[in-house]
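Below is one structure, written out as structure tokens; comments come after it.
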Amino acid sequence: MYGHGVSPGISIGRVEIFKEFDEKIRKRDVIDVKHEVKKYLQAIRVCKHNIEEEYSEIQKKFKEENFDEYHNHLEMLVDEEIIEQVKREIIGRHINAEFALKNVMDNYIGIFESIDDEEMNHRVMDLKYILLKLLKIMISFSETENKKSGIKKIIITRNLKTADTTKLDLNTVIGIVSETGGETSHSAIMAKALNVPAVVALEGILSKVKDGDEIIIDGFKGRVIVHPTDDQKKEYLAKQKRENERKEKLKEYINKKTITEDGHMIELSSNIATLNDIPGVINSGSEGIGLFRTEFIYMNREKLPTEEEQYIIYKRVALSLKGKPVVIRTLDIGGDKELEYFEFPKEDNPFLGYRAIRMSLDKTNIFKVQLRAILRASIFGELKIMFPLISHYHELINAKQILQEVKNELDKEDIKYNNDIEVGMMVEVPSAVLISDFLAKEVDFFSIGTNDLIQYTVAVDRTNEHLNYLYTPYHPAVLKLIKMTIDNAHKNGIWVGLCGEVAGNESIIPLLVSMGLDEFSMNSNEVLRSRYVINHISKKEYAKHIDEILSLRSCLKVKEKLLELNKKYNCFYKIFE
Ligand code: PEP
Ligand code: MG
């Protein structure tokens, strides 16, 4: 079966069908009810400990804060009445603890919700908060038991949500296959960051597999083989070995400079989503972080991260990179990235809706907390701030104004920060490209976000598996917009990078270098291959082809031409043939 390969590599393992949070708390008949009661009581202890720790941390820092919320949570957690009811449910009905707890709590929530009173509204919020926390803890217990089995798993799913990718256990998950999605769905980007092969848009795979089936996935070709024969296994093991050898050979590029044959230095940086990605950045020979997708700090939790929590993370990144540049993109939530605890407006077109900077400019309290945290951490390294999805000039001006207000507040409080911190913006909407001459006068740098730029230029939802054939960086319109952005940046004396998935695409890298792109930011796993490509081309020589490439009318012709040039200049490092 063939889908769309979005993260390269080969894996051979056993199927595990991905279960949504809701499925994990569905009713299950159990025999060992004592085990379920024990699990529930243990979860209460862990939860109590977590809340108390959180409480004492905050108490230390903000002495005057109102702590009623914490007391309410603790009270509810150890409420005898609730505990007894849940135990009775488990034992009396022989059911799992997760379902029993949800049943009992939903009952209370329903009663309180029916009373129109502010106090009751708070109780409902507290109950929901505790319920979610306890369910997550109980599920994590079960998952730890699973992990101990050590079996290498290939996750099969209908649609892997972006936040789910951060929950995958890297010690056991060695591949991902989904029925939906595209090359730049955030889940595909995360699979690449996890360095596991992934195939998306494989319609019908779920009806063909069950838990435990043997399976091979080939992320280069988008191929999936269920129940492979011995010969197929042998063939793929040999391919895996060759792939590893080619990767090993590339390591000679770790300490090399990124410089074209005719002496142009290029900056090669990494994209990160969490602190877990930092070792990958450091070991990849990367020259900095060109995109920190901070929205992942906000995911898989029950409420917004505090200023202190964010400050600790940004400080850690700054210190780990030891003076190398780190571009921190402010919150880019919405589109295909959701927060469990934040109610987004119901929209028909989320990618055209309440997203990224639009939300930050609306919820300035959330935006300011993040800016404060970044500024405070800016004294520990070379941090830069970047605003996502600017589509209007006034959005950039407003965002900068808010940044200035935050700086003024810090000044008043005598808190140190780097007042010269560079401020940039993502260019990922055609309207921004077309006014990039004006925008460039307001920032220190641009970073081109091709994942969104393609979807907004060609009017194709980047996650729609039925339209993958139209979603392509080889569209002449996309290449012209990129060139226009680079030209306008340079005309105004600012540097320009690119941090969409195109940055690691070997067939386009030479063209981007020849157009004058200053920085490329990509998945750390792609850094060495990209350095190989850049070090094998002459910017001046390749630039002779720009006009010809931009005069081609179809994507296919563009792609063919780029591949032909890659051959001509011998600047293609194929990990795997
Ligand atoms: C982009 O749009 O190219 C980009 C880098 O941002 P994201 O993929 O997070 O939307
Ligand atoms: Mg984007």
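The values are calculated or read from the model by the stated rules, or taken from the named source; none is laboratory data. Keep in mind that this is a model prediction, so the values were computed, not measured. Neighbour counts run over all protein chains shown; Cβ positions are idealised from the backbone, glycine included.
Details
- Count of region 310-329 residues which are in contact (Cβ under 8 Å) with a residue 60 or more places away in the chain and touching an Asp or Glu at 6+ places or on another chain (Cβ under 9 Å): 4
- Tallying residues that are in a loop (DSSP other than H, G, I, E, B) and within 18 Å of the chain's Cα centre (by Cα) within region 121-178 yields 8.
- Checked against the criterion of being among the polar types (S, T, N, Q) and modelled with pLDDT under 75, the candidates 172, 166, 157 yield just one match: 166.
- Condition met for residue 375 (more than 22 Å from the chain's Cα centre (by Cα), in a helix (DSSP H, G or I) and surrounded by 19 or more Cβ atoms within 10 Å (Cβ to Cβ)): yes
- Within the span defined as region 314-321, every residue fails to be away from ligand 1 (no atom under 13 Å from the Cβ), under 20 Å from residue 190 (Cβ atoms), in a helix (DSSP H, G or I) and within 13 Å of the chain's Cα centre (by Cα).
- Options 165, 229, 172: the member that is hydroxyl-bearing (Ser, Thr, Tyr) and either under 25 Å from residue 336 (Cα atoms) or buried (at least 24 other Cβ atoms within 10 Å of the Cβ) (or both): 165
- Yes/no for residue 325 being crowded, with 16+ Cβ neighbours inside 10 Å, in contact with a Gly (Cβ under 6 Å, 6 or more places away or on another chain) and at pLDDT below 95: no
- Residues of region 536-560 satisfying the condition of being within 25 Å of residue 265 (Cα to Cα) and among the basic types (Lys, Arg): 539, 540, 544
- Within region 331-362, if we keep just the residues that are among the aliphatic types (A, V, I, L, M) and assigned to a helix (DSSP H, G or I), the residue that is farthest from ligand 1 (Cβ to nearest atom) turns out to be 361.
- Answer from 479, 552, 498, 511 - the residue that is at pLDDT 95 or above and touching a strand residue (DSSP E or B) at 6+ places or on another chain (Cβ under 6 Å): 498
- Residue list for region 31-47, restricted to those being of a type in the set (A, V, I, L, M, F, W, C) and crowded, with 17+ Cβ neighbours inside 10 Å: 33, 37, 43, 44, 47
- If the condition is being surrounded by fewer than 19 Cβ atoms within 10 Å (Cβ to Cβ), modelled with pLDDT of 90 or more and of a type in the set (Asp, Glu), then region 82-128 contributes 84, 106.
- Restricting region 529-553 to residues that are part of a loop (DSSP other than H, G, I, E, B) and in contact (Cβ under 8 Å) with a residue 60 or more places away in the chain, the residue that is surrounded by the fewest Cβ atoms within 10 Å (Cβ to Cβ): 553
- Set 516, 497: member being in contact (Cβ under 8 Å) with a residue 40 or more places away in the chain and within 30 Å of residue 254 (Cβ to Cβ): 497
- Long-range neighbours under 6 Å by Cβ, at least six apart or interchain, first residue within 23 Å of residue 445 (Cα to Cα) within region 267-279, second β-branched (Val, Ile, Thr) and buried (at least 17 other Cβ atoms within 10 Å of the Cβ): 268/258; 268/527; 269/289; 270/281; 270/289; 272/289
- Single match in 405, 343, 347, 395 (criterion: among the acidic types (Asp, Glu) and buried (at least 18 other Cβ atoms within 10 Å of the Cβ)): 395
- Region 229-271, subset touching a helix residue (DSSP H, G or I) at 6+ places or on another chain (Cβ under 6 Å) and within 16 Å of ligand 1 (Cβ to nearest atom), residue nearest to residue 13 (Cα to Cα): 270
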